[in-house]
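Peer 1: Structure provided below as structure tokens; questions to follow.
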Amino acid sequence: MSLEKHGKKKEEQWVKEQEQKLIDEMKKKRAEKEKQKLCEEEEKKRKELKELHYMRCPKCGFEMKEFSLEDIKLDKCSCCEGIFFDRGELEELLKKKAEEKKNFFSKLIGF
């Protein structure tokens, strides 16, 4: 009879362990879903903010227009007329100007 009790206790313990594993797995899946949902909501908010501020002057908030200078597209505010550079545009413009100066002096010396 004690063997039956011992076997039954082992079986009950095994069942409890299996139930706990299932509960832990479900908690993990739920946490992953919540994390994914939060990421999706953050991405949606980021896109909304981008659309709200896209091509707006950081100084006054008015619309900015693109114009070309030395084949580089720059942004100019329609109100305060501030000029704004995207990443790398200023360096590219300065590089072109430096090449023009170099070419000018090379031509001058060549004559």
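The values are calculated or read from the model by the stated rules, or taken from the named source; none is laboratory data. The structure presented is a predicted model; accordingly, all values stated were derived computationally and were not measured. Glycine also receives a Cβ, built like all others from the backbone with ideal geometry; neighbour counts cover every protein chain displayed.
Peer 1: Looking at the stretch 16-59 only, could you name the residues that are in a helix (DSSP H, G or I) and either in contact with a strand residue (DSSP E or B) (Cβ under 6 Å, 6 or more places away or on another chain) or β-branched (Val, Ile, Thr) (or both)?
Peer 2: Scanning the stretch 16-59 gives a single hit, Ile23.
Yes/no per residue for (1) assigned by TED's automatic domain parsing to the domain that holds Glu92; (2) loosely packed, with under 10 Cβ neighbours inside 10 Å; (3) touching a residue at least 40 places away in the same chain (Cβ under 8 Å):
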{"position": "Arg30", "(1), (2), (3)": "no, no, no"}
{"position": "Gln36", "(1), (2), (3)": "no, no, no"}
{"position": "Glu42", "(1), (2), (3)": "no, no, no"}
{"position": "Lys50", "(1), (2), (3)": "no, yes, no"}
{"position": "Lys59", "(1), (2), (3)": "no, no, no"}
{"position": "Glu70", "(1), (2), (3)": "yes, no, no"}
{"position": "Lys76", "(1), (2), (3)": "yes, no, no"}
